[in-house]
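Peer 1: Have a look at this one.
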Protein chains: 2
Amino acid sequence: MDDKLMLMIPGPTPVPEAALLALAKHPIGHRTSEFSNMMGEVTQNLKWLHQTESDVLMLNVSGTGAVEAGMINFLSPGDRILVGSNGKFGERWVEVGQAFGLNVEAITAEWGQPLDPDKFAQKLQADTNKEIKAVIITHSETSTGVINDLVAINSHVKEHGQALIIVDAVTSLGAYNVPVDALGLDVVASGSQKGYMIPPGLGFVSVSPKAWEAYKTAKLPKYYLDLGKYRKATAKNTTPFTPPVNLMVALHTTLGMMKKEGLESIFTRHERQKNATRAAMKALNLPLFAADECASPAITAVATPGMEADKIRSLMKKRFDIALAGGQDHLSNKIFRVGHLGFVSDRDILSCIASLEVVLLELGHENFNSGAGVAAAARVFSN
Amino acid sequence: MDDKLMLMIPGPTPVPEAALLALAKHPIGHRTSEFSNMMGEVTQNLKWLHQTESDVLMLNVSGTGAVEAGMINFLSPGDRILVGSNGKFGERWVEVGQAFGLNVEAITAEWGQPLDPDKFAQKLQADTNKEIKAVIITHSETSTGVINDLVAINSHVKEHGQALIIVDAVTSLGAYNVPVDALGLDVVASGSQKGYMIPPGLGFVSVSPKAWEAYKTAKLPKYYLDLGKYRKATAKNTTPFTPPVNLMVALHTTLGMMKKEGLESIFTRHERQKNATRAAMKALNLPLFAADECASPAITAVATPGMEADKIRSLMKKRFDIALAGGQDHLSNKIFRVGHLGFVSDRDILSCIASLEVVLLELGHENFNSGAGVAAAARVFSN
């Protein structure tokens, strides 16, 4: 059916009508008081969302661009860094470090497993010369639906004392508690098409005073991604380069919606929808790819032994106009991923599970009691 | 009056309603055949617009990001480059080169004057060791309304034989003839909020086979701006990172409009509106900041001796909801700039001039015959 698409992927995520209409507003000039007033409000609300008093900067880049900016602004060639790698995005930050000539040590775990904080502790405690300049962690690993133990890893970084903690929070910010100042997170990067509830095109980077100290001596080359330029401009409610005006107007709208809902409610909603989705998959006898203890609030990866995951996705799209994400790289066709991130309601979860039951039956997967998935979700939602 | 804003600035430029409505469409997943089909059409139309058979790549960046990508992908630390600098953007590319540790020689001219092609010829002819790796030119200098003689400068680069010609065509592409293959332009960078008639947020870079050869040995670090990744993905009608989906849907719309209008008509329209604007300013006894021989098709800078340019702009906005651009840096309050770039009609030019006459009278500038500006524009338009 035309115009009935329901996005249950981890980005782009669903966009509320108010934000879509904001996108359609004719752009205004970005060197005007009207724009500056709006940008000032957006910046304040970004600080609220990040739970920080420090800078939160907006860049015209994707999430990858935001994380890269979050790395290269604070490091110099040859700097030793630890990068957590247990999925496609962790692997990407290893690649970024290597591309910029950093001395990268990957702390790995299997895809689907969480990073082991002890492995970070060992490296950090052994580094008595304080050579490790930064620890880079993907908080919610979008490729596998695993959330890494940021609090534990961060505590080891804090014991080390020197290294910066740089966090890819692309699919955790706005879905899970990321209290930037309370945890002392130095750099937190995210992207607009996730918890922010607007289309892709804007990246965000928060920067702590400690990170700004490191910036002063950091030598990796940068210009468009030079966060110092953004800091200077943001202090005057402007931008160093022409910003994506329409996306910022839409962001102004959705940040207002988020403030109205409140952080606690937003986190609770994501937790509840995660629990409902996982309970349903268990009831449908579909193995969850990540364990309960490390399950991302934003995305649930589901294994499909004996079935082609892409057939399930294809039929979900064809029959019910529901877009699910597939597996990446070696997980292609082995898992599907349900996004429950951003502008997703409990009703959407029920729709998705009910539709999935039909699709599984049509594909001959009859290893569950019809209605069991919806019933399991209902138990979560009715609590 | 609310909702009556008319943008006569050189970006963001006016956006047609069809593109605004396209922006408001709910995003689709970027890893779908629907997206790939659209991207394939967009890419073909970008090649048509660039008059090239080579790659034209789309990045989620501003124009500055596009030019930076166009520089850093083809150069190595210490490489000698010539950068034309006769305005804010030329100065910016000097800064980018310096930020990346290139050996930058600026070929300068006063703001408002065109670059002298002979100065390039001298440097290039003297470089018998072929040390100059690239020549970087701002084609239309947005800050001053000067168009530089790309054809002449490029001919000297071609005589040199080794250096790449890298062009900032941000406010010339889609307004002026930039025949990429016919001229053998190696890298041409542009941005969405200009001739493309959509809001800011997308950058474009065309890359010649010769530039791809240089890419193979270029050593400046890059990841998000690594054009090789975009080339590989574009060949499969996809993107290396999450693209700004809504902007691409809007671009699909406006490129269709541009094809329907035709390149010749587009260039003629910009030329005609430039001529009308300039004729009007002369009739109003307002000095043009750039000479006729080097006047940009996209923007006309007007000096305001004895008057504060920003008072004119402010009253234009207040009385008529027309946004004009101001002077940048040392030209602040000394000039105003009229954008006639992208989705601008002859009617808009007449509106702007007629309104300007009122504003000038209100500010006591009575050194012209009332109606003379409109009459001068009318003579151009009626030919």
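Peer 1: Quick one: is B:GLU34 away from every other protein chain (no Cβ under 14 Å), acidic (Asp, Glu) and without any contact (Cβ under 8 Å) to a residue 40 or more places away in the chain?
Peer 2: no
Peer 1: Looking at the range A:183-204 only, could you name the residues that are touching a strand residue (DSSP E or B) at 6+ places or on another chain (Cβ under 6 Å), away from chain B (no Cβ under 11 Å) and not in a loop (DSSP other than H, G, I, E, B)?
Peer 2: A:VAL187, A:VAL188, A:ALA189, A:SER190, A:PHE204
Peer 1: Among the residues of the range B:303-330, which ones are free of Cβ contacts under 8 Å to residues at least 40 places away in the same chain, in contact with a Gly (Cβ under 9 Å, 6 or more places away or on another chain) and surrounded by fewer than 21 Cβ atoms within 10 Å (Cβ to Cβ)?
Peer 2: Within the range B:303-330, B:ALA303, B:ASP310 qualify.
Peer 1: A further question follows. Could you say which residue among A:ASN333, A:ASN369 is more than 29 Å from A:GLU17 (Cα to Cα), out of contact with any helix residue (DSSP H, G or I) (no Cβ under 7 Å at 6 or more places or on another chain) and either acidic (Asp, Glu) or open to solvent by 20 Å² or more (accessible area, probe 1.4 Å) (or both)?
Peer 2: Numbers: A:ASN333 fails: out of contact with any helix residue (DSSP H, G or I) (no Cβ under 7 Å at 6 or more places or on another chain).
Result of the check over A:ASN333, A:ASN369: A:ASN369.
Peer 1: Does at least one position in the range A:157-170 carry a residue that is assigned by the TED database to the domain that holds A:HIS50, under 19 Å from the mean Cα position of the chain (by Cα) and among the acidic types (Asp, Glu)? Give the derivation first.
Peer 2: Step one: of the range A:157-170, the residues assigned by the TED database to the domain that holds A:HIS50 are A:157-170.
Filter once more, so that each one left must be under 19 Å from the mean Cα position of the chain (by Cα): A:165-170.
With among the acidic types (Asp, Glu) added as a condition, the list becomes A:168.
Yes, the range A:157-170 contains a residue that is assigned by the TED database to the domain that holds A:HIS50, under 19 Å from the mean Cα position of the chain (by Cα) and among the acidic types (Asp, Glu).
Peer 1: Further question on the same structure: In the range B:329-346, which residues are under 19 Å from the mean Cα position of the chain (by Cα) and closer than 17 Å to A:GLY29 by Cα?
Peer 2: B:PHE336, B:ARG337, B:VAL338, B:GLY339, B:HIS340, B:LEU341, B:GLY342, B:PHE343, B:VAL344
Peer 1: May I pose another question? Yes or no: the range B:35-45 includes at least one residue that is not in a helix (DSSP H, G or I) and not acidic (Asp, Glu).
Peer 2: No: zero hits.
Peer 1: Tell me which residues, restricted to the range B:213-264, are hydrophobic (A, V, I, L, M, F, W, C), free of Cβ contacts under 8 Å to residues at least 40 places away in the same chain and in a helix (DSSP H, G or I).
Peer 2: B:ALA233
Peer 1: Kindly provide the set of residues from the range A:165-182 that are more than 14 Å from chain B (Cβ to nearest Cβ) and charged (D, E, K, R), ordered by number.
Peer 2: Correct list: A:ASP181 only.
Peer 1: Report yes if B:ALA182 is assigned by the TED database to the domain that holds B:GLY78, closer than 28 Å to B:GLN273 by Cα and open to solvent by 10 Å² or more (accessible area, probe 1.4 Å), otherwise no.
Peer 2: Details: assigned by the TED database to the domain that holds B:GLY78: yes; closer than 28 Å to B:GLN273 by Cα: yes; open to solvent by 10 Å² or more (accessible area, probe 1.4 Å): yes.
Spelling it out, B:ALA182 is indeed assigned by the TED database to the domain that holds B:GLY78, closer than 28 Å to B:GLN273 by Cα and open to solvent by 10 Å² or more (accessible area, probe 1.4 Å).
Peer 1: I would also like to ask the following. Among the numbered criteria (1) open to solvent by 10 Å² or more (accessible area, probe 1.4 Å); (2) more than 7 Å from every other protein chain (Cβ to nearest Cβ); (3) at pLDDT 95 or above; (4) more than 19 Å from the chain's Cα centre (by Cα), which single criterion is violated by B:LEU5?
Peer 2: So the condition that B:LEU5 fails would be (2).
For (1) open to solvent by less than 10 Å² (accessible area, probe 1.4 Å); (2) in contact with a Gly (Cβ under 8 Å, 6 or more places away or on another chain); (3) modelled with pLDDT of 95 or more, each residue gets a yes or a no:
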position	(1), (2), (3)
B:PRO16	yes, no, yes
B:LEU20	no, no, yes
B:LEU23	yes, no, yes
B:ILE28	no, no, yes
B:MET39	yes, no, yes
B:ASN45	no, yes, yes
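Peer 1: For the range B:53-69, which residues satisfy the criterion of being more than 14 Å from chain A (Cβ to nearest Cβ) and either farther than 24 Å from B:GLY90 by Cβ or open to solvent by 20 Å² or more (accessible area, probe 1.4 Å) (or both)?
Peer 2: B:GLU53, B:SER54, B:ASP55 - these are the residues of the range B:53-69 that are more than 14 Å from chain A (Cβ to nearest Cβ) and either farther than 24 Å from B:GLY90 by Cβ or open to solvent by 20 Å² or more (accessible area, probe 1.4 Å) (or both).
Peer 1: Here's another thing I want to ask about it. Looking only at the range B:12-34, count how many residues are within 30 Å of B:LYS232 (Cβ to Cβ), assigned to a loop (DSSP other than H, G, I, E, B) and within 23 Å of the chain's Cα centre (by Cα).
Peer 2: 0
The values are calculated or read from the model by the stated rules, or taken from the named source; none is laboratory data. If you're wondering where the values come from, they're calculated on a predicted model, not measured in any experiment. Cβ: placed from backbone, ideal geometry, glycine included. Neighbour counts: every protein chain shown. These area figures cover heavy atoms from the full protein model, side chains too; ligands, DNA and RNA do not enter into them. Shrake-Rupley method; radii C 1.70, N 1.55, O 1.52, S 1.80 Å.
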